[in-house]
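Heads up, the thing below is written out as structure tokens.
The values are calculated or read from the model by the stated rules, or taken from the named source; none is laboratory data. Computed from a predicted structure; not experimentally measured. Methodologically, a virtual Cβ is constructed for each residue, glycine included, from the backbone with ideal geometry; neighbour enumeration extends over all protein chains shown.
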Amino acid sequence: MNLPGSPHFHYRDDVLHVEGLALPELAARFGTPLYVYSRTALAAALAEFQSVLQSHPDGSLVCYSVKVNSNLAILDLFARMGAGFDIVSGGELERVLAAGGDPGKVVFSGVGKTEAELAAALQAGILCFNVESAAELERLDRVAGQLGKVAPVSLRVNPDVDPKTHPYIATGLKSSKFGIPLAGAPALYERAARLAHLRVTGVDCHIGSQLLDPRPHHEALERLLPLLETLAERGIPMRHLDLGGGLGIRYRPEETEPTVADYLAPMIASVRGRGLKLLLEPGRRLVGNAGLLLTRVESVKPGCDRNFVIVDAAMNDLIRPALYEAWHEIREVVLRTAMFSGQSADRGAAVRGTAVHKTSETLCDVVGPVCESGDFLGRARTLAVTGGDLLAVLSAGAYGMSMSSNYNSRPRAAEILVDGQTPHLIRRRETTADLYALESRIPA
């Protein structure tokens, strides 16, 4: 069966597996909703970037975008493989350090860095601050002076390129809150070079997310190259060029995605011979298709135009469909009549080797129990399910758990990292008591 994403998610004997483990076994052991990741898929995705970038003679660094999925186990895995990290908050810096990440490989992006966050990053000794405004430049110089530090900086330049993606995740247009207009960048670089507690090191650019067409990214680079020449002429040579992230993934079976080599090769060729270390900040491409959300059907409710498949996962677990009208492929975990060892897909039928008889296919919306009309994981899907069956929401490794919430006082899901035939619990399931542990009642 044609599944989008990693080959490490596959059907065996009509039962969906992650690496060597059947999903019904994971559901029986850890419950649902459950985020499930493949360690092999994660490692392979990062290794592909690192392999392609080896062809750049002036050095390179892959800085994983922490906001995409910030679980410590995933950060730990990438740190062991030599990755750097792109952070957008002080909390993400603390996560990276707790996971064993090298602060000397951290770049700090984002438009609203507080003085406390700047100070923490300076004390940690990060690689670079991606500065987003003149006000931030002045603030960083002041904080660095107070600490007796010199802050390494690059300016995030906005090239006004349309990435042709969803407007909520387009960041390189002049209407965006991100970055500094290209025309004003030379003057601001000259200002940065004069400030006593800053050291100018590079140029940064990020135009958006989920890019399946490499041409907008290449257009942005072509607009940056004259800026590099202008700065060199003004005595401000750059040490690195940070081209951000944005390389998309295949969410639908019929979609195609560029290979990392096809995406990066023109960029590497364009900067070759300029003496610039190349930094990249991929996120979704590293983790998106390395994870899925496992959920159980509570009931099937007949409707006028279609049925509603009510599951135990909801918009608080995976908000992308409600927020972006994003598509996630949804598949039955057990197909047709399946024979396997372990607990069957149907609730209560835990008989070894029992056949699971599936119902006929029907048009349905897959919805959760949250009290919102926007609480859906998929609309107009054709599925053959009944109460107790398991569904897998694919391509959920990126912006799934990291954007989840406790809306409707729902505990967040557990997370599992599968390594071959070994499942690692990398985040326990929250309890309801966890949700109000920081709250208190008023005195009588």
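Consider ALA79 carefully, then state whether it is under 30 Å from GLY273 (Cα atoms) and without any contact (Cβ under 8 Å) to a residue 24 or more places away in the chain.
Numbers: under 30 Å from GLY273 (Cα atoms): yes; without any contact (Cβ under 8 Å) to a residue 24 or more places away in the chain: yes.
It is true that ALA79 is under 30 Å from GLY273 (Cα atoms) and without any contact (Cβ under 8 Å) to a residue 24 or more places away in the chain.
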Test for ALA396: is it closer than 26 Å to ALA73 by Cβ, within 19 Å of the chain's Cα centre (by Cα) and assigned to a loop (DSSP other than H, G, I, E, B)
yes
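Being small (Gly, Ala, Ser) and either at pLDDT 95 or above or closer than 29 Å to VAL36 by Cβ (or both) narrows it down to one of GLY288, GLY275, so name that one.
Values: GLY275 fails: either at pLDDT 95 or above or closer than 29 Å to VAL36 by Cβ (or both).
Criteria check complete, one pass: GLY288.
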Which numbered condition in (1) within 25 Å of GLY101 (Cα to Cα); (2) surrounded by fewer than 16 Cβ atoms within 10 Å (Cβ to Cβ); (3) among the charged types (D, E, K, R) is the only one that LYS67 fails?
(2)
How many residues does the stretch 364-388 hold that are acidic (Asp, Glu) and farther than 16 Å from CYS304 by Cβ?
2
Only unsatisfied item for ILE74, checking (1) assigned to a helix (DSSP H, G or I); (2) more than 19 Å from GLY400 (Cα to Cα); (3) not assigned by TED's automatic domain parsing to the domain that holds ASN316, is (2)
Can you find a residue that is farther than 30 Å from TRP327 by Cβ, at pLDDT 95 or above and part of a strand (DSSP E or B) anywhere in the stretch 107-124?
yes
I want to confirm something. Restricting to the stretch 144-200 and keeping residues that are outside any loop (DSSP other than H, G, I, E, B) and of a type in the set (S, T, N, Q), which single residue is modelled with the highest pLDDT?
GLN146
Across the stretch 392-412, what is the number of residues that are surrounded by 21 or more Cβ atoms within 10 Å (Cβ to Cβ) and within 13 Å of GLY288 (Cβ to Cβ)?
9
In the stretch 382-435, which residues are of a type in the set (D, E, K, R) and either at positive phi or in contact with a Gly (Cβ under 7 Å, 6 or more places away or on another chain) (or both)?
ARG429
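Can you pull out the helices (runs of 4 or more DSSP H) entirely within the stretch 252-342 that have at least 2 residues that are without any contact (Cβ under 8 Å) to a residue 60 or more places away in the chain and within 28 Å of PHE108 (Cα to Cα)?
On the way: elements: 260-271, 284-287, 320-324.
It comes to 260-271.
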Regarding ALA47, is this residue among the aliphatic types (A, V, I, L, M), modelled with pLDDT of 95 or more and within 24 Å of ALA413 (Cα to Cα)?
no
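Is it the case that the stretch 99-110 has a residue that's within 14 Å of the chain's Cα centre (by Cα) and either buried (at least 20 other Cβ atoms within 10 Å of the Cβ) or not assigned by TED's automatic domain parsing to the domain that holds ALA269 (or both)? It would help to see each step written out before you state the result.
Quick first cut of the stretch 99-110, residues within 14 Å of the chain's Cα centre (by Cα) only: none.
Checking the stretch 99-110: not a single residue is within 14 Å of the chain's Cα centre (by Cα) and either buried (at least 20 other Cβ atoms within 10 Å of the Cβ) or not assigned by TED's automatic domain parsing to the domain that holds ALA269 (or both).
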Going by what's in this entry, would GLY202 be described as crowded, with 18+ Cβ neighbours inside 10 Å and either touching a Gly at 6+ places or on another chain (Cβ under 6 Å) or of a type in the set (Val, Ile, Thr) (or both)?
no
Just the residues that are crowded, with 21+ Cβ neighbours inside 10 Å and either of a type in the set (D, E, K, R) or not assigned by TED's automatic domain parsing to the domain that holds GLY374 (or both), please, taken from the stretch 413-424.
GLU415
Residue hits (the stretch 87-106; touching a Phe, Trp or Tyr at 6+ places or on another chain (Cβ under 6 Å) and either β-branched (Val, Ile, Thr) or modelled with pLDDT under 95 (or both)) are ILE87, VAL96, VAL106
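Looking at the stretch 241-264 only, could you name the residues that are out of contact with any strand residue (DSSP E or B) (no Cβ under 9 Å at 6 or more places or on another chain) and closer than 20 Å to LEU61 by Cβ? Please lay out each step first, then the result.
Just the residues of the stretch 241-264 that are out of contact with any strand residue (DSSP E or B) (no Cβ under 9 Å at 6 or more places or on another chain), to begin with: 249-256, 259, 261-262.
ALA261, the sole residue that qualifies.
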Being among the hydrophobic types (A, V, I, L, M, F, W, C), at pLDDT below 90 and in contact with a strand residue (DSSP E or B) (Cβ under 9 Å, 6 or more places away or on another chain) narrows MET267, MET238 down to just MET267
Tabulated pairs, the stretch 392-408, first over 16 Å from LYS67 (Cα atoms), second basic (Lys, Arg) and assigned to a strand (DSSP E or B), C-beta under 8 angstrom, 6+ apart or interchain:
ALA392/ARG331; LEU394/ARG331
